[in-house]
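Shown next, in structure tokens, is the structure this report addresses.
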Amino acid sequence: MEEMILVATKLPWWACLLLALVSYAVLHVMAMRPVMPATVVPGQMGDAVARGPITTLAMFGQYVMPFAFALAALLSAVNEYRNKKSGTFVPNHLDVAPPSRKRVSTEASVPMPTSGNSGKINRDFDHMLPGGEEELAIENPQPVPLPQQWGMSVIQMMEWKRFEIVTREFLKMTGYDAHETKVGADGGVDIRVTKPSNDTFQGIVQCKAWNSYRVGVKPVRELYGVMAAEKATAGMVITSGTFTAEAEEFAKGKVKLISGVNFLELIRKLPPEKQQRLLDIALEGDYQTPTCPQCDLKMTLRENKSGKNPGSKFWGCVRYPHCRQTLVYTGNGSRVRLPS
């Protein structure tokens, strides 16, 4: 039941309410059916006996299922309200951090992990160890020199889609078969992983390109719920930033956490030629402008001209008004297109 509620909170609140009404209507009809017909003819006794447990379950389910979906609707509405209150609307199924008041822009300012859990690798991943809107025009962008080697600046400059691609390619370089999920609602899974040498291994990975915002316990708990639902043997949350102490405590023995610092250490353990190939993938083209989670197109920087936060900036889809996806703008990164 808990896993079902966690999955349902990914939906809009009105969809959860609709599911509550539909589940009640269907189960109520099943519960009202008589267990034994008025007259039983030979050959129908087996059907009548089999109908008994189903009717009994429906009698309880007609109240339990609507309650669960109603609770999910409440949680979904709270998440949506918090996102709206932050200044721009971010649908709660998107993997986007809220605005941060502190910007992490240098390697020296990156906090190190506070517990041992995020600094280790799960046994299942041992082989990894080797209102109105206006588009803003940025005038006369200055070319930015590309980094020549891996560092925290590279980890933190990548937009969320490029971060997923680099994670996928890293997993492939360490001996796994890794495949990204489709663009759109991913159900809490960004990459699915298998191991050629182990037919029973099924891993799922969630990527969080959050630089100045610590990943809390909620995404970790959601991934653990998906692991249970899909019977996955391993799960990992990897971020360009860090995790809260609560997330690290919950993840012990359940989900492997990889911080940005840990990810950099793992990359630096690759052979030099693989490090360079992964760096080329990370820095190819425009690796900073975020990608629309719905359309898979580069977004554009816009500015609110009215509403609660006039003058605030956010990322909007270039297909607006056909697509109204938005992402929070934290001030990190630029729209400069870098040489490939």
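Within region 209-224, the set of residues being open to solvent by less than 50 Å² (accessible area, probe 1.4 Å) and out of contact with any helix residue (DSSP H, G or I) (no Cβ under 7 Å at 6 or more places or on another chain) comprises 210, 212, 219, 223.
Restricting attention to region 267-291, the residues that are in a helix (DSSP H, G or I) and open to solvent by 10 Å² or more (accessible area, probe 1.4 Å) add up to 9. Report whether or not residue 258 is closer than 17 Å to residue 191 by Cβ, open to solvent by less than 10 Å² (accessible area, probe 1.4 Å) and within 16 Å of the chain's Cα centre (by Cα). When the stated conditions are applied, residue 258 passes them. Filtering region 292-333 to residues that are open to solvent by less than 10 Å² (accessible area, probe 1.4 Å), hydroxyl-bearing (Ser, Thr, Tyr) and under 25 Å from residue 152 (Cβ atoms) leaves nothing.
Against the list (1) touching a Ser or Thr at 6+ places or on another chain (Cβ under 7 Å); (2) crowded, with 18+ Cβ neighbours inside 10 Å; (3) farther than 21 Å from residue 165 by Cα, the condition residue 227 fails is (1).
Out of the residues in region 230-251 that are within 25 Å of residue 199 (Cα to Cα) and more than 17 Å from the chain's Cα centre (by Cα), state the one that is most open to solvent (accessible area, probe 1.4 Å). In this case the residue turns out to be 231. Scanning region 1-19 for residues that are of a type in the set (Val, Ile, Thr) and assigned to a helix (DSSP H, G or I) yields 5, 7. Kindly indicate whether any position in region 146-159 is modelled with pLDDT of 85 or more, in contact with a His (Cβ under 9 Å, 6 or more places away or on another chain) and not in a loop (DSSP other than H, G, I, E, B). Taking every residue of region 146-159 in turn, none turns out to be modelled with pLDDT of 85 or more, in contact with a His (Cβ under 9 Å, 6 or more places away or on another chain) and not in a loop (DSSP other than H, G, I, E, B).
The values are calculated or read from the model by the stated rules, or taken from the named source; none is laboratory data. Computed from a predicted model, the values in this text were never measured in an experiment. Cβ atoms come from the backbone with ideal geometry, glycine included; neighbour counts cover every protein chain shown. Calculation scope for accessible area: heavy atoms of the full protein, side chains included, ligands and nucleic acids excluded. Shrake-Rupley method; radii C 1.70, N 1.55, O 1.52, S 1.80 Å.
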